[in-house]
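Below you'll find the structure, written out as structure tokens, and then a few comments.
The values are calculated or read from the model by the stated rules, or taken from the named source; none is laboratory data. No experiment lies behind these values; they were computed from the predicted model shown. Every residue, glycine among them, receives a Cβ derived from its backbone with ideal geometry; neighbour counts consider all protein chains shown. Protein only, heavy atoms only, side chains kept; ligands, DNA and RNA dropped before computing areas. Shrake-Rupley method; radii C 1.70, N 1.55, O 1.52, S 1.80 Å.
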Amino acid sequence: MIEKSKIISLKARQKVLSSLEGIHKAIIFGEEDDLKNIREYTYGDNVKRINWIITAKERKPYVVEREELKSQNIIIVLLLDQEMLFKNKLDKLSEIFAILGHSALYHKDKLHTYIFTDKMEKYFPHKNYPQHITDILDFIYSLDIKDKKINTENIYRFLNRHKRSLIILIGDFVYPINILNIASKHKLAAICVRDKDEENPSKYTGFQLKSFDNKRKIPLLVWPMVRVYKKNLEKLDENLRHQIVLKRIPFQKIFTDEDPFIKLKLMFR
């Protein structure tokens, strides 16, 4: 799995660097500008930068100059449950993390990473070198997540220890989660990783499923079971969608057969 980590990290870094060298913008997180100073308007200045309040007081036009912030605090939260073992979901989550991680490091943002299962498995503080992304991927693939289920209470407790940051949640969200608790303190974005067959497993009806450990007996999959499963998943998705709309949280669903880079650029442009 160490070789897989290196390959995913290298490919992700190559995509980020290629984007920066090309005509397209790289992935940029959140708000990049901050107030620098206010000065009198001169010919050629952008009229959109005129501060009309100060202009009215001084009776001559003033413009606001802005500069890019050097860095911001980014916390990527990886939510790993046993459903991540379905097909190549874990690989897709790792690819998404690697792209975001290398983008953050390139822009000199402070990147912190949490990995959660039913507990907080590991916290990686910021380190400003590309190998750090590979090290995190190595840890992800070293975990045994069979029979693991997300404990959301742990997430809230650890994230509330940090100052206001951009939190990026990455998981499959096939469990109840209240992201409003996080959004009340932090800027928040969420990325859902799914396989299309996971959302509509109808083609598997009539098959005998196996448990991860090959010990538990699972009933033959029949259509009524699929219907109940889809209904429950739709309820979870609707609850998540309600929270996203309520707080205007940036959100993307990325399927395992998709290139995540394009969707991530749209999400963080």
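Can you tell me which residues in region 106-133 are surrounded by fewer than 21 Cβ atoms within 10 Å (Cβ to Cβ) and assigned to a helix (DSSP H, G or I)?
The answer is Tyr106, Gln131, His132.
For region 83-103, does any single residue satisfy the condition of being without any contact (Cβ under 8 Å) to a residue 40 or more places away in the chain and outside any helix (DSSP H, G or I)?
No, that holds for no residue.
Of (1) modelled with pLDDT of 95 or more; (2) of a type outside the set (Val, Ile, Thr); (3) under 28 Å from Leu10 (Cβ atoms), Ala104 satisfies all except one. Which?
The failed condition is (1).
Can you confirm whether Ser142 is closer than 26 Å to Glu3 by Cβ, surrounded by 22 or more Cβ atoms within 10 Å (Cβ to Cβ) and polar (S, T, N, Q)?
no
Take the residues in region 72-82 that are in a loop (DSSP other than H, G, I, E, B) and in contact with a Leu (Cβ under 8 Å, 6 or more places away or on another chain); name whichever of them is most open to solvent (accessible area, probe 1.4 Å).
This residue is Gln72.
Only one of Leu246, Leu220 is more than 18 Å from Leu79 (Cα to Cα) and not in a helix (DSSP H, G or I). Can you tell me which?
Result: Leu220 is the single residue among Leu246, Leu220 that is more than 18 Å from Leu79 (Cα to Cα) and not in a helix (DSSP H, G or I).
Taking interchain pairs and intrachain pairs at least six residues apart, which have beta carbon atoms under 9 angstrom, with the first residue in region 189-205 and more than 18 Å from Asp257 (Cα to Cα) and the second aliphatic (A, V, I, L, M) and open to solvent by 50 Å² or more (accessible area, probe 1.4 Å)?
Sorted first by the residue in region 189-205, then by its partner, the pairs are Thr205/Leu220; Thr205/Val222; Thr205/Met225.
Name the single residue, out of those in region 145-168 being open to solvent by 70 Å² or more (accessible area, probe 1.4 Å) and in contact with a helix residue (DSSP H, G or I) (Cβ under 9 Å, 6 or more places away or on another chain), that is farthest from Lys89 (Cα to Cα).
Here the answer is Asn160.
What tally of residues in region 259-269 results from selecting those that are out of contact with any strand residue (DSSP E or B) (no Cβ under 8 Å at 6 or more places or on another chain) and either touching a residue at least 40 places away in the same chain (Cβ under 8 Å) or outside any loop (DSSP other than H, G, I, E, B) (or both)?
Residues flagged as out of contact with any strand residue (DSSP E or B) (no Cβ under 8 Å at 6 or more places or on another chain) and either touching a residue at least 40 places away in the same chain (Cβ under 8 Å) or outside any loop (DSSP other than H, G, I, E, B) (or both) within region 259-269 amount to 4.
Out of Asp172, Asp237, Asp195, which single residue is within 21 Å of Lys122 (Cβ to Cβ), of a type in the set (D, E, K, R) and at pLDDT 95 or above?
Asp172
Condition check: surrounded by fewer than 18 Cβ atoms within 10 Å (Cβ to Cβ), under 30 Å from Gln72 (Cα atoms), in contact with a helix residue (DSSP H, G or I) (Cβ under 7 Å, 6 or more places away or on another chain) and not acidic (Asp, Glu). Does Leu266 satisfy that?
No; evaluated as a whole, the condition is false for this residue.
Cβ contacts < 6 Å: first residue under 17 Å from Ile96 (Cβ atoms) and at pLDDT 95 or above, restricted to region 130-149; second residue open to solvent by 40 Å² or more (accessible area, probe 1.4 Å) and not in a helix (DSSP H, G or I), any location; separation 6+ or different chain. Result?
Phe139/Lys122; Tyr141/Met1
Report, by residue number, each residue of region 135-181 that is among the charged types (D, E, K, R) and part of a helix (DSSP H, G or I).
Answer for region 135-181, where residues must be among the charged types (D, E, K, R) and part of a helix (DSSP H, G or I): Asp135, Asp138, Glu153, Arg157.
Report, by residue number, each residue of region 35-67 that is at pLDDT below 80, in a strand (DSSP E or B) and surrounded by 11 or more Cβ atoms within 10 Å (Cβ to Cβ).
Within region 35-67, Lys36, Ile38, Arg39, Val64, Glu65, Arg66, Glu67 qualify.
Condition test on Phe212, is it assigned to a loop (DSSP other than H, G, I, E, B), modelled with pLDDT of 90 or more and among the aromatic types (Phe, Trp, Tyr)?
No.
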